[in-house]
Amino acid sequence: MHVDSLSGKRIETMNPKTLLSRLPMDPFIAGIVGMVGLASVLPAHGGGAVVAGYATDAAIALLFFLHGARLSPQAAFAGARHWRLHVVVMASTFLLFPALGLGARALFPGLLTPTLWTGVILLCALPSTVQSSIAFTSIARGNVPAALCAATASNLLGMALTPLLIGLLLRAQGGFSLHGASDIVLQLLLPFAAGQLARPWIGDWTLRHKALLGLVDRGSILLVVYAAFSEGVTQGIWHQLGLADLGWLLAVDAALLATVLAITTYGSRLLGFSRADEVTIVFCGSKKSLASGLPMATVLLAGQPVGLIVLPLMLFHQIQLMVCATLARRYASAGQSGRGELPVRPAARPQNARGADVTPMARMQLECQKSR
């Protein structure tokens, strides 16, 4: 805050971090849009495309190594006593979404181009997110330990289920070839397994340096986006996509999310879940992971216009963030007004053996383990 020497009025000054927090678009989404714009103006080609390809392969391997180092198998199995909740979340993620995607394509095949429909099917086969599922569940006062367990299990299972689903759903249309299995193993599964094996040595370090690893995650994804759209621009993807196509794609993504939110909300009530469990099912069962989807598309659908194929996922990601943020606040407001909310008692902050506060993610993992 400073005073204007002419008018005498106080003028508020904001640091860059505060300014970014007030932007209508998430900074990460803004970065993705920036990479799309950069690739459209200055695409990598020739020797630059070769370098970008190798850098992208290395970034994907690093990304999945870090995923493996962060995801705890113990956390995935700790909530076994909530097996009904986890079955519903997995069914929504790996059965409901693909069924809706296939149904929409069968009913309206001419609504989108075949390439965009491939992107919609890819979106439907992806696992849930971890960070945003937990964050929205926490804001809405849901079952946070169960959300951590469900989202972690979804990502662990997604490493195997997503390639299989894509193979089954797209093989008939030529969108996936079995010879890509070696690429899946080398670029996705091996780094992920290496990260899991390294957890005893670097697991605590990853929890203590979440901000640094978040930068590595997002930087890797931005590189993947730039490389994918550079290849697409050299192939003329923007000449294949009109404003009408973009509008219909937004409508398909929005309808897909709205349908899943409605089914998970009313389905959890019909199945007799508590309000806290309903919140967990809604937010974990309706998310799709951009962090996993972009690298997987690059590996699984190599040789195709990946820039166009991942467009449905990038639009869906932004829609789910805006819609679920609003929905989480409505759940929280309903809880505060006393409509169906269980009393929340403040829990003591757990400490480790040295008396230091445990990090929020580690605290949720401890709660998961206690629920067994």
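The values are calculated or read from the model by the stated rules, or taken from the named source; none is laboratory data. Owing to the predicted nature of the structure, the values given are computational and were not obtained by experimental measurement. Here the Cβ positions follow ideal geometry from the backbone for every residue, glycine too, while neighbour counts run over all protein chains shown.
Brief remarks follow.
- Among the helices (runs of 4 or more DSSP H) confined to the stretch 1-84, the ones with at least 2 residues that are modelled with pLDDT of 60 or more are located at 27-41, 47-70, 73-78.
- Considering the stretch 96-112, the residues that are in a loop (DSSP other than H, G, I, E, B) and of a type outside the set (A, V, I, L, M) include one that is surrounded by the most Cβ atoms within 10 Å (Cβ to Cβ), namely PHE108.
- Residue check, CYS124 over 30 Å from GLY236 (Cβ atoms) and assigned to a helix (DSSP H, G or I): no
- Top-ranked residue of the stretch 239-253 - restricted to ones that are surrounded by 13 or more Cβ atoms within 10 Å (Cβ to Cβ) and of a type in the set (A, V, I, L, M, F, W, C), ranked as modelled with the lowest pLDDT: LEU241
- Residue within the stretch 86-106 that is aliphatic (A, V, I, L, M) and either within 26 Å of GLY195 (Cβ to Cβ) or in contact with a Pro (Cβ under 8 Å, 6 or more places away or on another chain) (or both) present: yes
- The residues listed here are THR56, THR115, THR93; of these, the one that is among the hydroxyl-bearing types (Ser, Thr, Tyr), surrounded by 17 or more Cβ atoms within 10 Å (Cβ to Cβ) and closer than 19 Å to LEU257 by Cα is THR93.
- The condition (being under 18 Å from the mean Cα position of the chain (by Cα), surrounded by fewer than 22 Cβ atoms within 10 Å (Cβ to Cβ) and assigned to a helix (DSSP H, G or I)) is satisfied by just one residue among GLY307, GLY267, GLY219, GLY293: GLY219.
- Of the residues in the stretch 118-126, at least one is crowded, with 24+ Cβ neighbours inside 10 Å, farther than 25 Å from ARG70 by Cα and more than 18 Å from the chain's Cα centre (by Cα).
- Only one entry of VAL282, VAL233, VAL323 meets the criterion of being assigned to a helix (DSSP H, G or I) and surrounded by 23 or more Cβ atoms within 10 Å (Cβ to Cβ), and that entry is VAL282.
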